[in-house]
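Trainee: Please find one structure pasted underneath; my questions will follow.
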Amino acid sequence: MPLRAPYTRSRNLAVLALAVAISTAQAQEQEGKFIIGPRDFSCSKWTNTPKNTAQHDVLGSWLFGYLSGTNVENAGVDFLRGREPDELMAWIDNYCQRNPAHGITQAINELIKELQSGR
């Protein structure tokens, strides 16, 4: 009888993340450059994805990766220094509730503009 490895939560999340990435990957054009992200990643989808679920964790991880990558490539001020993840998520939550038809990259870019302005 073959031995089976325990099926852990982290393994479940990794499998889900891979499935989301493979099944929903698409290129989105933003300011003349392409962004790879989940398909149809709108503010409405963000708002309607239940919190504390694996799917929300995957979307949040993508969001933080986008923010971090932009911050690293930014020649200006480190706009993420001193910021808390919950604060950034709350900003996106509020923006997306007010603008459900906007794409998530538009929401993130608006957040970046605000952070860069020092607000």
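None of the figures in this text is laboratory data; all of them are computed from the coordinates on show. The structure presented is a predicted model; accordingly, all values stated were derived computationally and were not measured.
Trainee: List every residue whose amide H lies under 5 Å from the amide H of ILE35, counting only residues 5 or more places away in sequence or on a different chain, with H placed 1.01 Å from N in the peptide plane.
Mentor: GLN28, GLU29, GLN30
Trainee: Next question, about the same structure. Step through the residues of the range 95-102 one at a time and calculate ³J(HN,Hα) from phi using the Karplus curve (6.51 cos²θ - 1.76 cosθ + 1.60, θ = phi - 60°), rounding each to whole Hz and writing x for Gly and Pro.
Mentor: 4, 5, 5, 7, 9, x, 7, 6
Trainee: Which whole-Hz couplings ³J(HN,Hα) result when phi for each residue of the range 76-88 is put into the Karplus expression 6.51 cos²θ - 1.76 cosθ + 1.60, θ = phi - 60°, listed in order with x for Gly and Pro?
Mentor: 3J(HN,Hα) across the range 76-88, in whole Hz: x, 5, 6, 6, 9, 4, x, 8, 9, x, 4, 5, 5.
Trainee: Taking amide H positions as placed in the peptide plane 1.01 Å from N, state which residues far from SER42 in sequence (5 or more) or on other chains have amide H under 5 Å from it.
Mentor: Answer set, sorted by chain and number: ILE104.
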